[in-house]
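Q: Sharing a structure below in structure tokens format, with a few things to ask.
The values are calculated or read from the model by the stated rules, or taken from the named source; none is laboratory data. The structure presented is a predicted model; accordingly, all values stated were derived computationally and were not measured. Cβ: placed from backbone, ideal geometry, glycine included. Neighbour counts: every protein chain shown. Remember, those area values only see protein heavy atoms, side chains included, never the ligands or the DNA or RNA. Shrake-Rupley method; radii C 1.70, N 1.55, O 1.52, S 1.80 Å.
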Amino acid sequence: MVSSSPPTSGIHCQGCGQRLPLRMSGPAEVATLWECAACGTAFAGVLVPKLAGSFAKSVRLAQLHFDVEHAEPLPDSFRTDVLEPIAKQRNPEFHEQRRSPREARQLDIVAIGLDANFMLVGPTCRGLVVNLSSHGMLLTTAVRLTSAAVAVQIQAGNETIQLLGKIVWSRDLGRGCYGAGVDFVARLGKVVVAPVDTPASSASE
């Protein structure tokens, strides 16, 4: 008897042959566009959750999923509105159980809501990371994240990093700001360093 359950062994990149934690999408699933981190070959499919932790660095989400053209920009006062309540936080609810200490940061991000199986369910939105550790982060946005998981792209200097995580809590922080505690599952792909002094080559990528 042939099993109707989706395969969990992943696929091999058609460009370089390395194993990718992806599979073809089913009839009722929405495919996501991924890229092999080694050679850039594109693949439309879905992530295999069981393989995410071990093979996530072999793939990246395609940049089109982080296109902010249709995403609402953060309000001009968002940084100050977020930082003040976070700095004053005394509520034990904010101090969720953490595996490692978090460092205060201010990093702009682009976020995409995912379901429990890491399939796209939400629109692209802008946000701000206000603290970060090796295991998680506090992500703030102008709209409340209601999805089970999230993929974020962080631009730190000339480096672009993609992270995959589960949302462990989400609540209104006041003043039009919403916070989400994210527990990291994996980093997607490799750190991409964008060219900073060759505009022509950057535009052609």
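Q: If you count only protein heavy atoms with a 1.4 Å probe, what accessible area per residue comes out for the range 134-177, rounded to a whole Å²?
A: Numbers: 1740 Å² over 44 residues.
Ligands and nucleic acids excluded, the figure is 40 Å² per residue.
Q: Moving on to the next point. Work out the FRET efficiency for residue 135 and residue 108 from their Cβ-Cβ distance, taking R0 = 25 Å, and round it to the nearest 0.05. Walk me through the numbers on the way to the answer.
A: Working: r = 21 Å, r/R0 = 0.84.
That gives a FRET efficiency of 0.75.
Q: Could you tally the net charge around residue 38, taking each other residue with its Cβ under 13 Å from the Cβ of residue 38, Lys/Arg +1 and Asp/Glu -1? Mind showing how you got there, number by number?
A: Values: positive: 19, 57, 60, 190; negative: 35.
Summing Lys and Arg as +1 and Asp and Glu as -1 gives +3.
Q: Label points 7 Å out from Cα along the Cβ direction at residue 172 and residue 72: separation in nm?
A: 1.4 nm
Q: So, counting K/R as plus one and D/E as minus one, what does the shell of residues with Cβ under 13 Å around residue 23 add up to? Don't skip to the answer; put the middle values down first.
A: Working: positive: 19, 50; negative: 29.
Spelling it out: positives minus negatives among the neighbours equals +1.
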